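K.L.:
The structure is given below, and queries will be raised subsequently.
None of the figures in this text is laboratory data; all of them are computed from the coordinates on show. Note that the structure is predicted; figures quoted are calculated from it, not measured. When we count neighbours, we look across all protein chains shown, and the Cβ atoms used for this are built from the backbone with ideal geometry, even at glycine.
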Amino acid sequence: MKILILCTGNSCRSQMAEGIIKSFDKSYEVHSAGTKPAKEVSPYAVQVMQEIGIDISKNYPKKTDEFVNESFDYVITVCDNAKEICPVFTGDVKEQLHIGFDDPYEASGTKEDILLEYRRIRDEIIDKFTKLFAK
């Protein structure tokens, strides 16, 4: 199965979703990308994923355009419709889904407050994608 996860910055939600879905089945080919990629994957996203044994520290943000000539079984947008414009993928896709999550990048407060928000979103991603892809 080939899956593309899309959001705006490709630094938090889509990176976490990519790592989580890959953990379900090593045969899944999972990519993530954004319309306006950030400079790096959020260190908070890396940390909260390491807490559950998933290493995304070598990941990097990619632009959606890199994948437009590829075919996918699923393209899934994970941005929050209320606050962002979700990317549209025009490549060959069997099924497009939208599963929105709040953007943890917008979290504020102490480091622990921010980590709590990243953990909340990570756990929501696990819950939603387990229902779709876990065997």
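K.L.:
For a footprinting-style exposure proxy, rank LEU115, LEU6 by other Cβ within 10 Å, fewest first. Mind dumping the intermediate values first?
P.N.:
Numbers: LEU115 17, LEU6 26.
Fewest-to-most ranking of LEU115, LEU6: LEU115, LEU6.
K.L.:
Separate question: Can you tell me the dipole magnitude for the chain around its Cα centre, using point charges on the Cβ only (Lys, Arg +1; Asp, Glu -1), in Debye to the nearest 20?
P.N.:
I would put it at about 220 debye.
K.L.:
Taking the Cα centre of the stretch 1-43 as the origin, how large is its charge dipole in debye, to the nearest 20, when only Lys and Arg (+1) and Asp and Glu (-1) carry charge on their Cβ atoms? Walk me through the numbers before you get to the answer.
P.N.:
On the way: 6 positive and 4 negative charges, 18 e Å.
Dipole of the stretch 1-43, to the nearest 20 debye: 80 debye.
K.L.:
Would you mind checking the tilt of helix 13-24 against the longest principal axis of the Cα atoms of the chain, expressed as 0 to 90 degrees and rounded to 10?
P.N.:
That works out to roughly 70 degrees.
K.L.:
Continuing with the same structure: Using 0.36 nm per residue, how much length does the chain from GLU40 to ASP25 gain when fully extended, once their Cα-Cα distance is taken away?
P.N.:
2.8 nm
K.L.:
Beyond a 25 Å Cα-Cα separation, which of these cross-linked pairs lie in this structure: LYS26/LYS131; LYS39/LYS128; LYS63/LYS94; LYS58/LYS111; LYS2/LYS58; LYS36/LYS131?
P.N.:
LYS39/LYS128; LYS36/LYS131
K.L.:
Using only alpha carbon pairs under 8 Å that are at least six residues apart, calculate the relative contact order of the chain and give it in whole percent.
P.N.:
After rounding, I find 30 percent.
K.L.:
Something else: Compute the signed sum of charges (Lys and Arg +1, Asp and Glu -1) over the other residues within less than 12 Å, Cβ to Cβ, of TYR60.
P.N.:
Around TYR60, the surrounding residues sum to +1.
K.L.:
Let me have the 222 nm mean residue ellipticity of the chain computed from DSSP H runs of 4+ only, each contributing -39500 (n - 2.57), with the sum over all residues rounded to the nearest 500.
P.N.:
Details: 3 runs with 43 residues, N = 135.
Calculated at 222 nm, the ellipticity per residue is -10500 deg cm²/dmol.
K.L.:
Along the charge dipole of the stretch 14-97, Cβ charges K/R +1 and D/E -1, which of SER23, PHE67, MET49 sits furthest on the positive end?
P.N.:
Value: MET49.
K.L.:
Nearest-5 percent of antiparallel DSSP beta bridges in the chain?
P.N.:
In the chain, DSSP labels about 0 percent of beta bridges as antiparallel.
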